[in-house]
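What follows is a short report on a single structure.
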6 protein chains.
Amino acid sequence: MYRVLPLLTDGEVAECRRVAASTQFVDGRTSNPHSKTKNNQQLHDPAASQASAQILLQAFARSPEFREFAFPDKIAPPVLAKYLPGMHYGAHADAAFLNLGNVVIRSDLSCTIFLNDPRDYEGGALIVRLGDAPLSFKLRPGEAIIYPSDTFHEVEKVTKGERLVGITFIQSKIADPFRRNLMFDLNEVAALEGLKMEPENFARLQLVQANLLRYWADKP
Amino acid sequence: MYRVLPLLTDGEVAECRRVAASTQFVDGRTSNPHSKTKNNQQLHDPAASQASAQILLQAFARSPEFREFAFPDKIAPPVLAKYLPGMHYGAHADAAFLNLGNVVIRSDLSCTIFLNDPRDYEGGALIVRLGDAPLSFKLRPGEAIIYPSDTFHEVEKVTKGERLVGITFIQSKIADPFRRNLMFDLNEVAALEGLKMEPENFARLQLVQANLLRYWADKP
Amino acid sequence: MYRVLPLLTDGEVAECRRVAASTQFVDGRTSNPHSKTKNNQQLHDPAASQASAQILLQAFARSPEFREFAFPDKIAPPVLAKYLPGMHYGAHADAAFLNLGNVVIRSDLSCTIFLNDPRDYEGGALIVRLGDAPLSFKLRPGEAIIYPSDTFHEVEKVTKGERLVGITFIQSKIADPFRRNLMFDLNEVAALEGLKMEPENFARLQLVQANLLRYWADKP
Amino acid sequence: MYRVLPLLTDGEVAECRRVAASTQFVDGRTSNPHSKTKNNQQLHDPAASQASAQILLQAFARSPEFREFAFPDKIAPPVLAKYLPGMHYGAHADAAFLNLGNVVIRSDLSCTIFLNDPRDYEGGALIVRLGDAPLSFKLRPGEAIIYPSDTFHEVEKVTKGERLVGITFIQSKIADPFRRNLMFDLNEVAALEGLKMEPENFARLQLVQANLLRYWADKP
Amino acid sequence: MYRVLPLLTDGEVAECRRVAASTQFVDGRTSNPHSKTKNNQQLHDPAASQASAQILLQAFARSPEFREFAFPDKIAPPVLAKYLPGMHYGAHADAAFLNLGNVVIRSDLSCTIFLNDPRDYEGGALIVRLGDAPLSFKLRPGEAIIYPSDTFHEVEKVTKGERLVGITFIQSKIADPFRRNLMFDLNEVAALEGLKMEPENFARLQLVQANLLRYWADKP
Amino acid sequence: MYRVLPLLTDGEVAECRRVAASTQFVDGRTSNPHSKTKNNQQLHDPAASQASAQILLQAFARSPEFREFAFPDKIAPPVLAKYLPGMHYGAHADAAFLNLGNVVIRSDLSCTIFLNDPRDYEGGALIVRLGDAPLSFKLRPGEAIIYPSDTFHEVEKVTKGERLVGITFIQSKIADPFRRNLMFDLNEVAALEGLKMEPENFARLQLVQANLLRYWADKP
């Protein structure tokens, strides 16, 4: 499933852009040295990276929509990436595991946070290829798209202007996407309709919710 | 889970008893020759067996409660069994598969249909042992108890009078008991509360129901 | 995954339309009496139904692309459906099982075969809702879209003209969509690259293919 | 499965009751603020809570019966709860996960430790509802009942006197109850019969035990 | 696991050899037209094929060792194969499914029945490659080796004489080899030690056997 | 699967033997007090144990073949073991879990590192029993055999000389041996053939690799 979240305030977007403008970007292959498809730039300076990651992690932490949709267990510190004219990222699925030194993250969900106005650049859409059916995302500043890490996606070539985004990867408590989506749907129904039900029926629905979560979630 | 069903009409109970009275019973070990725990009698005459099985199968076929609880795929032809004073059936779990010649049945659920009055005999309760917690069933004529085939159960020694029951085994479309119970609970909530919901929420609940059934049921 | 197939020849499209024009359609709720979301018409006449189903089943049978993508085990006889102005089909997931009398089909994949020109009607697109991301399909005559049965989809209201489609449901040998998609991808790589490999490496890849199929496919 | 354990010595029971008598109890909804079914009191004072939890955890730690039955991985610090006349806890399944701040526990098994004499209060039995079959537990001081967290259970209204219990939740190394119970049964048979077997047969049984544990237990 | 069975009587071996001698063999690629590794000959004449298949199927049917080890559900009619000097069958895993026209067989286990004396030919051993560890089988006439279909195996080049074997494939009731092997081991222990046990312990072991079979076997 | 690794340099072998010669060995039942089949000696002195474990762990850490084959998550500190004439280790499967005090290891793979020349002792082969087919390993100094922990294996009685080995146990990121082996095979094919493929096909193969790893590996 695909979720568009209004994640950042205007102030946070501005702050991220200020951080990005204050330091140099390096070749994105630094973090994927063998990639033949990646052609972009990434923020590298430790202080700037930490500052922008902090802003984005706080925004995730306060979002109930994110929590309810993703069942997040761990979130990789988001990285700022820049696409200048001619740059793109060819079709790929994200790696299964990210080794962050002190912690390893299984990438169940990927997330792109858009940081500049879609009218500021041409091309540069995030395209997810579902066989013969492409999904295209080019969102407003501060909006994030959360999508499964396991399907082919790419960033179209930027032909004009500059595309600035944050990128991160999420390990979910419910690894299986099919189960995660059903759990989300059932929880939504319970949240919206539960209090109107006969108490006994609601208790029964809560038993189903608790037991599916018990059965489907990773060992804590 | 355990379900008590009012299965037979008084007329059907009477008919079953008439069939039982019309023919001889044989040692129950006929169908479990190596059993060291079985000590009862079973109806053996083909015509009488078919007549009583027919009555009981028709009763199952018309019961929505049975269908909704058991998700039945196949039902073994029920057999009449008799316990005279001194007879009992020691603790056992039912065999995984019953070979009925033309068809094999996986026994997911077992069922005892009581055919005479509990006051007509002493002892003879069906006891299910859940570790240190026993469940005891001694029901009214025409009532059936449906219980999991995979737990220890036994029939207490009859000390006086005669106990007459029908016995059968059910292969469910949902083999796993944990999943079958959750499916049942969710279906019950949807049946009782669905029409009161916002249509969009009900559609979402129906998607969860359909997908759990798709995922959990045996291949048709 | 989503697959667009050129399924029918022009002659077959014409024949299906001739069949559709030769007989009356009935309210689509005939086959889903409790549906609150379905508002369309279906072909009902047995001879016409059989004639059109025959044409479509033959087209599936001769398509290697269909076979390689869907791993079909059973296909329900396709039904012709018509949407006149004002008609639509609200968001729903397809039922898990279709009882066709002599056979039960688990609906893993759904398929819409478009039978008239998209310029002949306004509205009437097939919309699949993947959370916040909609996919929209309005194909040329003779083209088919195959999509997972387990996600929300709907047919937009037709506002002008008439939409004529064939509809069917497919039980796949590989029930799990995640596994089916990986099997398809791996088979494609093997078909396109296998003969260029060192024989030993190709044999090893074939071992992986055979063992994943052995492990993932339903019992034959 | 259900297990009744003689858990506490008389001295420990007395010590728990002394702790309970030394401090105030608060509304039990403190730890389940949204519960509509909970109506009891819980010990809240940190020092008293720690003292009673310590006594109970030590009792679990020294019990081989507990270890063999539950395959415990983590145990939540037990909490003392009190039911005064009119109080009860309506039917519910326990939540899947308990967030204890520094650790999260998946509640596979629940446990009630009885701390006063069943003759000291009326009502107040722990009832587990297995569909149409209720199990009722009202044990002697120092005895504990361990039961699955995933089934409906309730505490009957206390109508006279006071019911004092300890409550805790256990994460098992073997999450699936069906598998945990089979592992327990097989281990018991091996412990009671293994040394009488031909060494080769016992080695073979040990291979089965080791491999089922390897296969069924959570990642350590 | 690997099992060597004394399958055929001397008379049956002689009869198979007589059948083989009475008719022509054809290129083995007839049944695997795309194979690049197969270089042998197969019996093709329908009457001769049926006669030899009949002998071998009867031998399987009467063997309790085969039944207990393989939990057979379906057996493909065995085919006679001949290797003349220079012939071999390169490393391969067997296909997941065999389409026999009226029935499809999942090949869980493969079987080679040796029909002539190992001293009658040089080379021609069946080699199973378990990574760096080869197993080599060159058995006496009438002996069969049953081995998993999912591992690399090959037939060494015959350098002198003639190698005559029967070949078949078995679909097991328990598809997963790990589970099938544990079931076999547990059943063997129960058969050899059960009657010496305390009846209660034996009943408990039988409950474990029945429930593992219920849980692990394919839907009947 | 079975893998023979050239693990140690000659210098490391010499150093291990020097450590072994510098201190006393104790009865191997120290670490398996209830074993009836173990009859060997183990290094016990903490400093010597640490020194030899260090050498062996470093050798594992630098071996890409080991990493690619075993997907190691944790490795128990290897222990030196000695077999003098008359000693052996009877058939057993290794325990599922090793409690090393600060960490628990699930033993998926076992490993024997040979430390002296096979000509220095008679008997003493490591035998793995795969039903009726034995594998026998008696390797050169510095070579290691990695084998599944879940199958019967034994050390033949040493009849002359002395057998010195290192022993350890490995928890793999991919617990299931069937899946681990397929992942290994697929990774090997990708490593050897990937760069020759059409980039799009290689990207597709990489998607399959990433998704199988995501799906099959333990939670990180």
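Points worth noting:
- When the Cα positions of F:A210, F:V103, F:G194 are compared along the charge dipole of chain F, F:V103 comes out farthest toward the positive end, with charges on each C-beta of Lys, Arg, Asp and Glu.
- Placing +1 on the Cβ of every Lys and Arg and -1 on the Cβ of every Asp and Glu, with nothing else charged, gives the range E:1-97 a dipole about its Cα centre of roughly 240 debye.
- Taking all Cα pairs closer than 8 Å and separated by 6 or more residues, the relative contact order of chain D comes to 24 percent.
- Taking every residue in D:151-162 and counting other chain Cβ atoms within 10 Å of its Cβ, the average works out to 1.
- Taking 22 Å as the straight-line reach from the Cα of D:K173, the lysines in range (excluding those fewer than 8 positions away in the same chain) are A:K173, A:K219, D:K74, D:K219, F:K74, F:K173, F:K219.
- Per-residue SASA entry for A:M1, accessible area with 1.4 Å probe, Å² rounded to 10: 50
- Mean residue ellipticity, 222 nm, helices only, the protein assembly as shown: the sum of -39500 (n - 2.57) across DSSP H runs of n ≥ 4, divided by residue count and rounded to 500, is -10500 deg cm²/dmol.
- Kyte-Doolittle mean at least -1.0 and Cα axial length at least 18 Å: DSSP H helices in chain D: D:46-61, D:177-193, D:199-216
- Residues of the protein assembly as shown: accessible area per residue with a 1.4 Å probe, Å²: 42
- Gyration tensor (alpha-carbon) shape descriptor, the range F:162-220, a/c threshold 1.5: oblate
- Overall form of the range E:1-135 per C-alpha gyration tensor (a/c, 1.5; a/b vs b/c): rounded
- Partner shielding of E:195-207 amounts to 6, given as the average count of beta-carbon atoms from other chains within 10 Å of each residue beta-carbon.
- Put simply, chains E and D cover up around 2100 Å² of each other's accessible surface, both sides summed, when a 1.4 Å probe is used.
- Note on exposure: C:R17, B:R163 ranked by accessible area (1.4 Å probe, complete protein assembly) read C:R17, B:R163, with the most exposed listed first.
- Solvent-accessible ranking of E:K173, A:K36, largest area first, probe 1.4 Å: A:K36, E:K173
- Dipole size of chain E about its Cα centre, with +1 on Lys/Arg Cβ and -1 on Asp/Glu Cβ: approximately 420 debye, rounded to the nearest 20.
- Rolling a 1.4 angstrom probe over the protein assembly as shown with all protein chains present gives an accessible area of which 52% lies on carbon and sulfur atoms.
- With a 10 Å cut-off around each Cβ of D:98-110, the average count of Cβ atoms from other chains is 1.
- Nearest-20 debye value, the range D:130-187 charge dipole, Cβ charges on Lys, Arg, Asp, Glu: 200
- Average Cα contact separation per residue, the range B:1-63, under 8 Å, 6 or more apart, as relative contact order %: 36
- Shape of the protein assembly as shown, Cα gyration tensor, a/c cut at 1.5: rounded
The values are calculated or read from the model by the stated rules, or taken from the named source; none is laboratory data. All figures in this text were calculated on a predicted structure; none of them were measured in a lab. Please note: Cβ atoms are built from the backbone with ideal geometry, for glycine as well, and neighbour counts cover all protein chains shown. Just the protein is used for accessible areas: all its heavy atoms, side chains included, with ligands, DNA and RNA removed. Shrake-Rupley method; radii C 1.70, N 1.55, O 1.52, S 1.80 Å.
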